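Report on the following structure.
The values are calculated or read from the model by the stated rules, or taken from the named source; none is laboratory data. Keep in mind that this is a model prediction, so the values were computed, not measured. Cβ sites come from the backbone with ideal geometry, for glycine too, and all protein chains shown count toward neighbours. When the accessible area is computed, the model is the full protein with side chains, heavy atoms only, and any ligands, DNA or RNA have been set aside. Shrake-Rupley method; radii C 1.70, N 1.55, O 1.52, S 1.80 Å.
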Amino acid sequence: MLSAQQDRYDRLLQDLIIIDTHIDTPWYIVDEGYDLGVAHDYYETDIPRLKRGRFGAVFFGVPAQPQEHPPHLWVQRALDLIDAVHETARRYPKDLDVAYTSADIRRVHRAGRIAALISIEGGHMIVDDLRILRDFYRLGVRYMTLTHFRTNNWADSGTDRAVHNGLSKFGREVVGEMNRLGMMVDISHVADKTFYDALEVTKAPVIASHSSVRAVCDIPRNMDDAMLRALAKNGGVIFINFSVAYLDTKGWQAFSGYRDQRDREIADLMTQQAGNPKRYELKRAIQQRYRKMLPPVDYKMVLRHIDHVAKLVGPDHVGLGSDFDGISGMVPAGLEDVSKFPVLVRGLLELGYSDTDIRKIMGENLLRVMKRCEEVAA
């Protein structure tokens, strides 16, 4: 890198705020006793690596996958994972601070700590009760993904059968209540019609917390150009998912070919080895074996998705939502964990992006949307 560009790179890393809108580590904390404060050589996130990645803030995802947890345990599962975020911040106060507002993120960043925020992944987890939604907000949840992989009682998922033609009447009430609270509406995972219904109802910008683009990788989990234009008109932002299966068409084809078999192997293992303290290590070995079946994909594919959005609708409408610790190790070469995020800053510089636009993509776009949602609520 030329000296002038190296100077820009060094300066940017000193003063920008890097924000990832979707990391799934809490389930490892709860299920495996994973210590976020200690450096690890597996999974993609821990505090030492967040520091090396120059992070300003992380949204930790809270999922209760409906295929793994029965409905009567959804709220309990959510509470367990939310508690894990708060307790980790309590254990490591010099490193983490739970943030509730966009101003909190800036305050924590100025203090040299990392802001930890919470998101609910899947509207089924409010068990069709706006009181639970409000309680989640009081506990620090600052966005909710309207669906997960399955259609729920009020919103259609993009990877399941459509039964509501988008959002039901109650689903529209959920979006309205999220606006009233100041909770960001997340349309990752939803069916296309659900996305457009949410835009019709919302009074605030929406986000796609961990999705990529169909123009580069044409799969249901990603967004097409018409959706991106509608998202931009709404003032919203798409945050690019780092999964090789969502970045690259050949990666998706390979993953789709083996996913069911892999998941059966893992399910059988977890049943047969239920009392084995090393069962999660054995599970990772299965994931890594299948990961080797994917085609080579590197971090430049993430840049390609970012560049497509920026050229189509502008750099105000794209950011980073890695889905780390939720994508079974299917990470791009050169972007294997949170410590590697600065490679994207360097890549954006090489693509000719201005300092202002790089700051937006790396974190400011999220702060803008979050602040606007707070203003709408107020």
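All conditions but one from (1) among the aliphatic types (A, V, I, L, M); (2) over 15 Å from Ala245 (Cβ atoms); (3) out of contact with any strand residue (DSSP E or B) (no Cβ under 6 Å at 6 or more places or on another chain); (4) touching a residue at least 60 places away in the same chain (Cβ under 8 Å) apply to Ile327; the one that does not is (2). Output the number of the condition that Phe59 fails; it satisfies all remaining conditions of (1) surrounded by fewer than 23 Cβ atoms within 10 Å (Cβ to Cβ); (2) in a strand (DSSP E or B). It is condition (1) that Phe59 fails.
A single entry from Ser354, Ser328 fulfils the requirement of being on the phi > 0 side of the Ramachandran plot and open to solvent by 20 Å² or more (accessible area, probe 1.4 Å): Ser328. Taken together, the criteria exclude Ile19 from residues that are β-branched (Val, Ile, Thr) and in contact with a Pro (Cβ under 9 Å, 6 or more places away or on another chain).
Selection of first residues in region 354-368 that are over 23 Å from Val185 (Cα atoms) and without any contact (Cβ under 8 Å) to a residue 60 or more places away in the chain and of second residues that are part of a helix (DSSP H, G or I) and not β-branched (Val, Ile, Thr), restricted to Cβ pairs under 7 Å at least 6 apart or on distinct chains, gives the following pairs, ordered by first then second residue: Asp357/Pro315.
Within region 222-269, the set of residues being over 19 Å from the mean Cα position of the chain (by Cα), small (Gly, Ala, Ser), more than 24 Å from Lys371 (Cα to Cα) and open to solvent by less than 60 Å² (accessible area, probe 1.4 Å) comprises Ala226, Gly251, Ala254, Ser256, Ala267.
Mind telling me which of the residues His308, His317 ends up being open to solvent by 40 Å² or more (accessible area, probe 1.4 Å), more than 20 Å from Glu44 (Cα to Cα) and at pLDDT 95 or above? Only one candidate passes the filter, namely His308. Name the single residue that is nearest to the chain's Cα centre (by Cα) among those in region 107-131 being on the phi > 0 side of the Ramachandran plot and touching a residue at least 24 places away in the same chain (Cβ under 8 Å). Among them, the one singled out is Gly122.
Residue-level analysis places Lys360 outside the set of residues that are loosely packed, with under 15 Cβ neighbours inside 10 Å and not in a loop (DSSP other than H, G, I, E, B). Filtering Val343, Val318, Val313 for residues that are β-branched (Val, Ile, Thr) and within 17 Å of the chain's Cα centre (by Cα) leaves a single hit, Val318.
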